[in-house]
Amino acid sequence: MHHRFQRARLAPDGFAVDSVKFVGVRVQIQLRPRLPTGICPDCGLQSRRVQSQYVRRPADLPPGGRRVDLTIVARRFWCDAVLCGRRIFCEQFDNSVLARYGRRTQRLETIVHHLGLAQGGRPAAAFANRLMMPVSNLTLLQQALARQSMLQPGPSAPDRATQP
Ligand SMILES: [Zn+2]
């Protein structure tokens with residue numbers, strides 16, 4: 001049995017690992033998307049013309065018992081379709097990996113969701129902290145409240161008293 005860190009396993013689907021750095025109890029992982037193209041959200045055309053790069057830093061699961069700082073170098077592409085109103089677009093990732101404005105990877109989001117449901121705010125936050133997952137009390141409480149409001153009829157439910 002060997003204990004070498006397998007770099008490829010650190011990356012969510014669709015990403016490649018550019019670098020891994022161990023800094024104290026943390027691990028800094030830099031990822032880049034595997035695909036050379038982006039798809040324009042307006043016209044659906046693929047583009048290879050990179051306009052610029054930007055960085056996303058979503059929270060992620062701790063690999064090998066270390067807290068992780070994830071850096072994704074994402075791209076903006078030119079859309080070259082003549083009739084498309086959009087000139088530049090940010091690349092988007094598979095929603096099952098990282099949502100458009102997601103601050104957490106989906107694999108962490110799923111665990112946060114279930115922790116929030118099972119334990120509510122404060123106990124879940126303590127538990128998440130022991131698992132070295134970067135999730136706040138408030139986030140877990142919001143998960144629990146969102147679940148509650150799904151179970152109860154909201155204010156938009158029909159009011160029987162006003163119906164004939
Ligand atoms: Zn377009």
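The values are calculated or read from the model by the stated rules, or taken from the named source; none is laboratory data. Keep in mind that what you see is a predicted model, and the values were worked out from it rather than measured. Don't worry about glycine lacking a Cβ; one is built from the backbone with ideal geometry, like all the others, and counts go over all protein chains shown. The accessibility values were calculated without ligands, DNA or RNA, using every heavy atom of the protein model including side chains. Shrake-Rupley method; radii C 1.70, N 1.55, O 1.52, S 1.80 Å.
Annotations
- 15 Å beta-carbon shell around ARG104, net charge (K/R +1, D/E -1): +2
- The range 10-95: relative contact order in percent, alpha carbon pairs under 8 Å with at least 6 residues between: 27
- Surface share of carbon and sulfur [accessible, 1.4 angstrom probe, percent] for the range 10-95: 49
- Difference of contour (0.36 nm per residue) and Cα-Cα distance, ARG49 to ARG87: 12.6 nm
- The magnitude of the dipole of the range 17-157, with charges of +1 and -1 set on the Cβ of Lys/Arg and Asp/Glu and taken from the Cα centre, is near 360 debye.
- Computed extension gain for ARG56 through ASP69, at 0.36 nm per residue and net of the alpha carbon distance, reaches 3.6 nm.
- Contour minus Cα-Cα distance for LEU145 and LEU117 (0.36 nm per residue): 9.2 nm
- Accessible surface of the range 104-151 [probe 1.4 Å, protein heavy atoms]: carbon and sulfur percent: 59
- Spatial separation of Cα centroids for the range 91-148 and the range 11-70, in angstrom: 19
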